[in-house]
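Working notes, structure below.
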Amino acid sequence: MSISFFRWSAQAVLYAAFAGVIALCSQWPPYQPLQPDQALLKISFLHHGQRLAACVEQSPEELAKLPPNMRAPMRCPRERAPVTIEVDLDGRMVYSGTAPPVGLSRDGPASVYRSIPFPAGTHRMQVRFRDSARPTGFDVVRDEIVQFAPLQVRVVDFSAERGGITIE
């Protein structure tokens with residue numbers, strides 16, 4: 001027998017062992033994201049907060065000082081407000097967070113993604129949302145009674161086009 005045969009057979013044994021480990025890890029331990037009597041609430045959104053400063057109309061003198069390619073009649077600061085969201089279930093706060101805008105100029109969208117398991121059933125849910133520079137209070141509040149079936153997943157999102165806070 002040649003050395004290449006031993007090399008080939010050793011390589012085959014190693015591949016088989018590797019495939020066995022992968023097969024074992026794909027089946028064990030069993031993955032169960034929720035208990036049978038639980039539901040899951042996902043808070044998931046990507047949203048641009050309001051501008052921190054209003055746009056300002058530039059005077060003809062200011063425009064004359066600018067290069068021709070930068071002579072926009074309005075000057076709008078780019079920085080956006082952070083987005084704050086709070087979620088209560090049955091009067092108990094289950095999430096509170098503030099997401100800053102992304103980007104070097106802090107003008108990109110703020111994003112939140114959070115999964116919260118809790119007992120299935122009927123719950124009073126209140127979602128409070130602020131995307132402005134106001135120091136206290138909230139811009140949008142949604143308060144309703146929501147039914148959660150066992151193993152059901154509901155998503156809290158914010159969409160200005162769809163009327164604000166959505167629970168699907």
* Asked: Looking at the stretch 72-90, is at least one residue surrounded by fewer than 12 Cβ atoms within 10 Å (Cβ to Cβ), at pLDDT 95 or above and assigned by TED's automatic domain parsing to the domain that holds PHE129?
  -> no
* Assess whether GLU62 counts as being in contact with a strand residue (DSSP E or B) (Cβ under 6 Å, 6 or more places away or on another chain) and of a type in the set (Asp, Glu). => no
* Of the numbered conditions (1) free of Cβ contacts under 8 Å to residues at least 24 places away in the same chain; (2) assigned by TED's automatic domain parsing to the domain that holds SER132, LYS42 satisfies every one except a single condition; which is it? -> (1)
* Which listed residue is surrounded by 10 or more Cβ atoms within 10 Å (Cβ to Cβ) and over 28 Å from the mean Cα position of the chain (by Cα), from ALA110, ALA19 -> ALA19
* Would you list the strands (runs of 3 or more DSSP E) that sit entirely within the stretch 56-168 and hold 1 or more residues that are among the β-branched types (Val, Ile, Thr), without any contact (Cβ under 8 Å) to a residue 40 or more places away in the chain and closer than 30 Å to LEU34 by Cα? => 92-99, 121-130, 140-148, 164-167
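The values are calculated or read from the model by the stated rules, or taken from the named source; none is laboratory data. Note that the structure is predicted; figures quoted are calculated from it, not measured. Using ideal geometry, Cβ is built from the backbone for each residue, glycine included, and neighbour counts are taken over all protein chains shown.
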